[in-house]
1. Among the residues of region 171-202, which ones are more than 21 Å from residue 42 (Cα to Cα) and hydroxyl-bearing (Ser, Thr, Tyr)?
2. Got at least one residue in region 218-225 being among the aliphatic types (A, V, I, L, M) and within 17 Å of residue 144 (Cα to Cα)?
3. Could you identify the single residue in 117, 98, 127 that is surrounded by 13 or more Cβ atoms within 10 Å (Cβ to Cβ), in a loop (DSSP other than H, G, I, E, B) and at pLDDT 80 or above?
4. Among the candidates 212, 183, 239, 151, which residue alone is of a type in the set (S, T, N, Q), closer than 26 Å to residue 63 by Cβ and modelled with pLDDT of 95 or more?
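The values are calculated or read from the model by the stated rules, or taken from the named source; none is laboratory data. Bear in mind that the values here come from a model prediction, so they are computed numbers and not experimental data. Here the Cβ positions follow ideal geometry from the backbone for every residue, glycine too, while neighbour counts run over all protein chains shown.
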Amino acid sequence: MKRKAWTLASSLLAGMLLVTSLAGPAMASSNYTVRSGDTLWRIAATNGVSVSNLMQANNMSSTAIYPGQTLTIPSSQGKTYRVVSGDTMWKIASKLGVSLNSLTQANPQVNPNYLYVGQVLNVPSSVTAPQPSPQPAPQLSFAQQVAQLVNAERAKAGLQPLRMDGPLSAMATDKAKDMIQNNYFSHTSPTYGSPFDMMKQYGIAYSYAGENIAEGQQSPQEVMQGWMNSSGHRANILNSNYDTIGVGYYQGAWVQEFIGN
């Protein structure tokens, strides 16, 4: 009988990410006490502020936080606009009915020649920011892109490609949803237990298994770059014992499930 083996890569959190597309009305500054499972990204998103503004308000040089820490939540500075695919500063200025110069001046922290999907821009105060046009749901395409990027890395290393599996991807997506809906970031789910407990519940057989998780990255390329720059995550991606992958994405949470038989 084949022995079973499993590995878990340490969790990967993205820093300096912005997710809200339209901030609410201006609010007075307030305090927030960090709870177990919180991330700076989630606290910023919940309070309608950018991570960079939250860090600046608390004189922080990194995104590391700890339970019990008191953070000052800065006042919302007017409205914001979230960058969508195909946007340039000129196109955004045209959408908002403002000059390119005023939009650039309102965002001194932004390189106008380099925008990324999901980036939040400050909108000059005299303008009402429109909601960006609805975009197609990214979950399926993001998962497929991650699987393609994994196989590209394996090809560079002279390894066989992984087969993307529907049931395993469904499990990975459920794990991503569970992390968001239950506000935790861990390999161990309060709903399903460990990844290996979850595989058993989903009827997935394996001889070798592993999991990578991440949160906050805005694109498949960004999350894969983070994983490949981390030795534990990279080891899972390039493990020759694996032949199958499942990928899940949900509201900023990313999950890779690997198995080998």
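1. Within region 171-202, the first condition is being more than 21 Å from residue 42 (Cα to Cα), and the residues that meet it are 171, 192-202.
Matches in region 171-202: 192, 194, 202.
2. Initial filter on region 218-225 (among the aliphatic types (A, V, I, L, M)): 223-224.
Those still in the list that are within 17 Å of residue 144 (Cα to Cα) too: 223-224.
Looking through region 218-225, at least one residue is among the aliphatic types (A, V, I, L, M) and within 17 Å of residue 144 (Cα to Cα).
3. 117 is the lone residue from the list that is surrounded by 13 or more Cβ atoms within 10 Å (Cβ to Cβ), in a loop (DSSP other than H, G, I, E, B) and at pLDDT 80 or above.
4. 212
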